Amino acid sequence: MNSLLIKDPLLTVTMDPENDNFTSGWVLIKKNKIDSIGTGKQPDADTVIDAKGMVLLPGLVNTHHHMYQTLTRNLPGAQNSHLFSWLETLYEVWGELTEEAVFVSAQVAIAELLLSGCTTTSDHLYLFPSAASKHLIDKEIDAALELGIRFHPTRGSMSLGRSAGGLPPDTVIQTEEEIIDDSIRLIEKYHDPEPLSMLRVALAPCSPFSVTPDLMKKSRELADKYDVRLHTHLAESKDEEKFCLDKFGQRPVDFAESLGWLGDDVWFAHTVHLNDNEIEKLSATKTGVSHCPTSNMRLGSGIAPVAKMLDAGVSVSIGVDGSASNDSSNMLNELRQSLLLQRLTDDRWLSAAEVLRMGTLGGAEILGRKNIGMIKPGAAADLILIDLNDIGYAGSKSDPLAAIVFCIGTQRVSWSIINGKIVVENGELKGLNLKEISDRADKISQEMISRSNKNSVT
Ligand SMILES: [Zn+2]
């Protein structure tokens, strides 16, 4: 297929400041780029998608996830805990990760992301059990390549074990040398800086309470050397804030600043607990944020000041976060949660258009992508179609754009095109047996839980 025409959508949402949204037009894709858009005579193409009654949007961009956690969704012992005790329970099961577990959990998460409109995703794999293969991230990269999603894996890490005052057990941390060596290996093997790259690597020490300041500094040096981005969890919970004040005498944002971790090549997940001065710092340094509303509710972390950040000029995107604190990888649902959660604060409310921008162009900016997140000639051909004929959208046509954010329930996207290739067709993932993947994931999940139970008894 060399050319693909999408014709007559109810609405095309461009996210392009220079081109308004338009009705009853067309978008022509040639190879992996958008060739042209218009409202007049439709050009010919090899393949045509009739999009009557559908909304055409740029694909959604997910900026924070831990795909391996799909294997430990709603674990009974971790259903009703705040972040630190939730982690302490789950570290034991995650300690049983294998290459196969990482591959299958990534298939699960990516399938869910694709069906909910995500065309570019990041992932943060930070747990490397001493007994496991050293190439776990390679396996999630294999899954992303197989399923065809645009991928930003981050090389996560933990180096501060319990014996040294950190939170994770010593059996799931690595030495700084191991982490740095593997970071270099992954960048050199996989990182592609080209404009329409399908895979870019970033570096992501896990959090202030699970790595050493020295590793944060070394990661910064490596990021500068290889021109890759930096990512971590920050200001997620009050416990983390207390940890930073007790251990480093600084609040999390000041701590990050002291390590060279503010800048336009850094994005933080969460930033729930920020004061006005810290919001100002994020804005002035162009540091990005991944807002994860479901996870923040699930773990009782608090409500991130998203409206305040946006008004101060901070770049804010949306992340589903890991599936042990969501417990879903539904990106459309995360847009809706972003809209609703902010309404429980004294801050101003977010509009559907603002949330859609965060979930598309906002994510692209944070990942340093200039050619995704919008529909315009020359941009990557990453597009989704949502069919408003679905029962869940009945009665919503007075504002089709807002319907995408307000009305999502169990609906899937009808079509998803990534890098010019059809990945979801009529609501089904092409070439993938979801039942098989789901069964395999269940089996691996149960095996990991029983192994960890056995270890805790012996
Ligand atoms: Zn996270």
Place the peptides 126-139, 222-235 in order of packing, highest mean first, counting for every residue the other Cβ atoms within 10 Å and averaging per peptide.
222-235, 126-139
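Quick one: order 64, 273, 191, 82 by neighbouring beta-carbon count within 10 Å, fewest to most.
Fewest-to-most ranking of 64, 273, 191, 82: 82, 191, 273, 64.
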Once both axes come from the Cα atoms, what is the angle between helix 276-285 and the longest principal axis of the chain, in degrees from 0 to 90, rounded to 10?
70
Averaged across orientations, what area in nm² does the convex hull of the alpha carbons in the range 175-221 project?
3.7
Give the long-range amide H neighbours of residue 234: residues separated by 5 or more places, or on another chain, with amide H under 5 Å away, using H modelled in the peptide plane at 1.01 Å from N.
269, 271
At R0 = 25 Å, how high is the FRET efficiency between residue 47 and residue 435 if r is their beta carbon distance? Nearest 0.05 is fine.
0.35
Work out the length of the dipole vector of the chain about its Cα centre, built from +1 on the beta-carbon of each Lys and Arg and -1 on the beta-carbon of each Asp and Glu, and round it to the nearest 20 debye.
540
Could you list 285, 39 so that the one with the fewest beta carbons within 10 Å of its beta carbon is first and the one with the most is last?
39, 285
Residue 422 label point, 7 Å along Cα→Cβ, cut-off 19 Å on backbone N: hits in the range 106-141?
114-119
Averaged across orientations, what area in nm² does the convex hull of the alpha carbons in the range 131-206 project?
5.5
For the range 250-266, take each phi angle, set θ = phi - 60°, evaluate the Karplus expression 6.51 cos²θ - 1.76 cosθ + 1.60, and give the result in whole Hz per residue in order, putting x for glycine and proline.
9, 6, x, 5, 5, 4, 4, 4, 5, 9, x, 9, 10, x, 6, 10, 10
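Net charge around residue 24, counting only other residues with Cβ within less than 15 Å of its Cβ (Lys, Arg = +1; Asp, Glu = -1)?
Local net charge: +1.
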Whole-Hz couplings from phi, Karplus 6.51/-1.76/1.60, listed for the range 354-367; x for Gly and Pro
5, 5, 4, 5, 4, x, 10, 4, x, x, 4, 4, 5, 8
The chain: relative contact order in percent, alpha carbon pairs under 8 Å with at least 6 residues between:
21
Spatial extent of the range 182-310: Rg and Dmax, with the Cα atoms as the point set, Å:
14.9, 44
What's the exposure ranking of 393, 68, going from fewest to most Cβ atoms within 10 Å?
393, 68
Among DSSP beta bridges lying fully in the chain, give the percent that are antiparallel, nearest 5.
45
Taking only Cα atoms of the range 68-216, what ratio of Rg to Rh do you get with Rh as the Kirkwood inverse-distance radius?
0.96
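Starting from 0.36 nm per residue, how many nanometres of slack lie between residue 185 and residue 2 once their C-alpha separation is accounted for?
62.4 nm
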If you add up the charges near residue 62, with Lys and Arg at +1 and Asp and Glu at -1, over every other residue whose beta carbon is less than 12 angstrom from its beta carbon, what do you get?
-3
Residue 212 long-range amide H proximity, modeled H, under 5 Å
159, 160
Report, to two decimal places, the Cα Rg of the range 354-458 normalised by 2.2 N^0.38 Å (N = number of residues).
1.50
Hey, what do the phi angles of the range 125-132 turn into as Karplus ³J(HN,Hα) couplings, whole Hz, using 6.51/-1.76/1.60 and θ = phi - 60°, x for Gly and Pro?
9, 10, 10, 10, x, 4, 7, 8
For residue 155, distant residues with modelled amide H under 5 Å away
202, 203, 204
Kirkwood radius from Cα pairs of the range 60-366 plugged into Stokes-Einstein at 10 °C, 1.306 mPa s, gives D in µm²/s equal to 84
What number results when the radius of gyration of the range 284-397, computed over Cα atoms, is divided by 2.2 N^0.38 Å?
1.12
By its C-alpha gyration tensor, with a ≥ b ≥ c as the square roots of the eigenvalues, how is the range 410-458 shaped: rounded for a/c under 1.5, else prolate for a/b larger than b/c, else oblate?
prolate
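Read-outs: derived from the displayed coordinates by stated rules, not from any lab. Model, not experiment: these values are computed from the prediction. As a convention, Cβ positions derive from the backbone with ideal geometry for all residues, glycine included, and neighbour counts pool all protein chains shown.
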